[in-house]
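Below is one structure; the comments refer to it alone.
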Amino acid sequence: MTLTRSPVLPDREADRPHDRIRGRGRKRSRTWNRNRAWNRIRNRAWSRDRVRTWTPGRHRRPGRGDSPFLRAFTVTAALVALGAALGFGRDLLVAQIFGATGSTDAFLVAWTVPETAAPLLIEGAMAFLLVPLFSRAADAGVIREAVTATLPRVLAGLVLVSGVTALSAPWLVGVLAPGLADPALAVGCTRITSVTVLMFGLAGYLSAALRARQVFGPPAAIYVAYNAGIIASVLACHDRFGVAAAALGVACGGALMVAVQIPGFLRHVGPPRRTAAGASILLGAFAPIALFTLLRQGQVFVERFAGSSLAAGSISHLNYAQKIAQVPMTLSLIVATVTFPALARSIAAGDIAAARRRIAADLALAGMIVLPASALLVAFAPEIVALLLQRGAFTPADTAATAEIVRVYSVGLLGQTVVGVLCRVFFCAERPSWYPAGAMAAGLAVTAGLAAVATPHWGTAGITAANAAGITLTAAALLPGLRGLRGLRGLGTHVVLAALGRPALAAAAAAGAGWLVRPVLTGLPAVAALALGAVTVGSVFIVVATATGSKEIARMIGYTPAGKRL
């Protein structure tokens with residue numbers, strides 16, 4: 001790779017005024033020559049330190065300029081995929097041992113605590129607030145001072161909220177699921193899982209600091225550790241504690257999320273100093289981010305509330321379907337996770353052109369991941385659910401109910417992805433905007449209203465359709481808000497349509513093709529049918545996207561209609 005010279009090193013031309021002071025016709029002085037030689041040595045030393053100080057420059061070899069991004073994306077994707085695989089193993093184990101019954105419904109109500117804490121404290125509010133703060137501190141060389149100034153306050157707040165959650169467990173269960181068959185079991189599990197508020201908060205804090213230092217491996221490994229802890233606890237304790245063993249596993253997994261990041265944090269960031277003056281976290285900065293994240297998680301609250309009035313097992317069906325349908329969204333948002341520190345630095349430095357390019361590219365790439373996967377879920381949801389979950393106590397009736405929900409969920413995955421990519425733009429400034437919270441409140445109101453109307457008639461499918469409609473409205477509402485951000489007025493609806501319109505059309509064609517070919521594959525083994533279906537859906541998506549002129553798919557396959565490599 002070809003690297004540009006470090007901006008802190010003086011250019012050779014910068015020393016030429018020293019010559020003019022001595023006169024144009026005179027020879028360069030020995031002092032000036034020594035300075036020039038010393039500059040060359042420093043430039044060579046900087047060029048050799050590629051891993052730690054690499055920054056994109058103007059003179060880059062084609063196809064290799066983005067290798068740090070690709071490396072970070074690959075490592076993150078591999079670890080997230082492993083964590084997702086373990087998550088499926090966890091869900092499969094819980095489904096096989098406990099099935100979809102009133103006891104699993106009680107556990108899943110308690111599961112609302114970690115489900116809320118994870119987006120709020122790991123990938124949501126904590127990251128949106130701390131990644132820009134730590135990125136600015138890292139650029140200034142004071143990241144340890146920033147940790148010293150913020151960690152004690154964060155830790156104290158997490159301990160307080162965790163304790164309040166445990167004490168208010170009976171009230172929380174009554175609010176979230178008033179029609180639950182076994183509220184006492186749900187209260188006990190909720191008190192156990194309340195420790196995740198503390199553990200997830202610490203895990204999110206360490207992740208934000210490491211990402212600001214361009215270290216992505218340990219933060220991506222947290223769900224590997226988390227799911228491994230749950231699986232081990234269920235296997236070891238389910239005979240003695242029943243479904244509460246899963247709650248104990250959630251608590252142990254949260255502790256492992258912190259433990260897996262501590263070595264990397266000490267190496268790349270360092271322990272807090274005893275005394276230091278650094279950045280502080282203001283409640284006014286955290287409030288809009290936290291409100292947005294809680295409102296977004298409010299869709300799960302609506303599902304739990306509406307599902308508690310349906311037949312036993314309905315909340316479990318919603319949960320299993322959500323886990324399956326959100327895998328493509330999670331993979332697509334790895335792009336935004338890896339590029340978030342760079343986006344925060346661009347906005348902080350006033351490089352609005354680079355920020356606009358970054359957002360548009362992230363939208364396009366995330367769409368190319370989530371859209372074909374959504375098409376596959378729509379066409380082959382029953383086969384996917386059966387292959388993953390239909391064992392033990394999880395019956396064919398559970399498979400049919402879960403597959404119906406997966407198909408409806410898939411309609412809203414693009415909206416989920418757009419919200420995940422765009423919302424971070426509003427939170428990069430030192431004073432985050434309240435606009436995303438307002439947009440999310442509007443979407444949540446639509447979700448709640450439609451769920452209240454649709455649930456009596458269509459059951460879990462009506463709840464899921466309300467969810468998809470609400471998040472899609474939120475994604476559309478975020479677009480006008482970009483015009484109010486300084487320098488980003490050109491990033492509006494037309495940019496999003498240009499990035500996602502053709503892939504969305506290709507995904508619709510691919511889903512239709514998969515739906516038509518599915519009856520032909522019915523007699524085959526599930527694995528073979530699903531593999532052939534994936535090939536069909538993927539091929540149709542690529543052909544249609546290429547034919548309609550999608551630039552992203554052309555870059556991925558390295559082809560243009562003119563036959564030139566991109």
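Please tell me the relative contact order of segment 255-391 in percent, rounded to the nearest whole number, where contacts are Cα pairs under 8 Å and at least six residues apart. Result for segment 255-391 is 19 percent.
Between beta-carbons, use under 15 Å as the cut-off and find the net charge around residue 293, counting Lys and Arg +1, Asp and Glu -1. Computed value for this residue: 0.
When you count the other C-beta atoms within 10 angstrom of each residue and take the mean per peptide, 400-409, 141-150 line up highest first as 400-409, 141-150.
Taking the accessible area of segment 122-210, probe 1.4 Å, and keeping the other protein chains in place, the carbon and sulfur fraction comes to 73%.
Here is the tail figure for segment 97-255: Cα pairs spaced more than 20 Å apart come to 53 percent of all pairs.
Rolling a 1.4 Å probe across the protein heavy atoms gives segment 88-156 an accessible surface of 28 Å² per residue.
Calculation over all alpha carbon pairs of segment 341-460 in 10 angstrom steps from 0 returns a P(r) of 11, 28, 29, 20, 10, 2 percent. Ligands, DNA and RNA left out, the 1.4 Å accessible surface of segment 307-396 is 63% carbon and sulfur atoms. What shape does segment 149-235 take by its C-alpha gyration tensor, where a ≥ b ≥ c are the square roots of the eigenvalues and a/c under 1.5 counts as rounded, a/b above b/c as prolate, and the rest as oblate? Cα axes put segment 149-235 in the oblate bin. Ordering 220-227, 305-312 by mean Cβ neighbour count within 10 Å, with the highest value first, yields 220-227, 305-312. Take each peptide in 315-328, 248-261, count the other Cβ atoms within 10 Å of every residue, and average; sorted highest first, the result is 315-328, 248-261. Taking a Cβ cut-off of under 11 Å around residue 135, the surrounding Lys, Arg, Asp and Glu residues balance to a net charge of +3, with basic ones at +1 and acidic ones at -1.
Label positions at residue 391 and residue 508, each projected 7 Å from the Cα along the C-beta direction, are separated by 3.9 nm. Using a simple spin-label model with pseudo-atoms 7 Å out from Cα toward Cβ, residue 273 and residue 167 lie 3.7 nm apart. Summarising the label geometry, the points placed 7 Å from Cα in the beta-carbon direction at residue 78 and residue 160 lie 4.3 nm from one another. At a Förster radius of 25 Å, what calculated FRET efficiency corresponds to the Cβ-Cβ distance of residue 441 and residue 483, to the nearest 0.05? After rounding, the FRET efficiency stands at 0.80.
P(r) of segment 77-179 in 5 Å steps, Cα pairs, percent per bin? All Cα pairs considered, the percentages come to 2, 9, 12, 16, 15, 15, 13, 8, 5, 3, 1.
The values are calculated or read from the model by the stated rules, or taken from the named source; none is laboratory data. On a predicted model such as this, the values are computed, not experimentally measured, just so you know. Heads up, the Cβs are rebuilt from the backbone with ideal geometry, glycines too, and the neighbour counts pull from every protein chain shown. The protein model used for the area step is the full one, side chains on, heavy atoms only, and it has no ligands, DNA or RNA in it. Shrake-Rupley method; radii C 1.70, N 1.55, O 1.52, S 1.80 Å.
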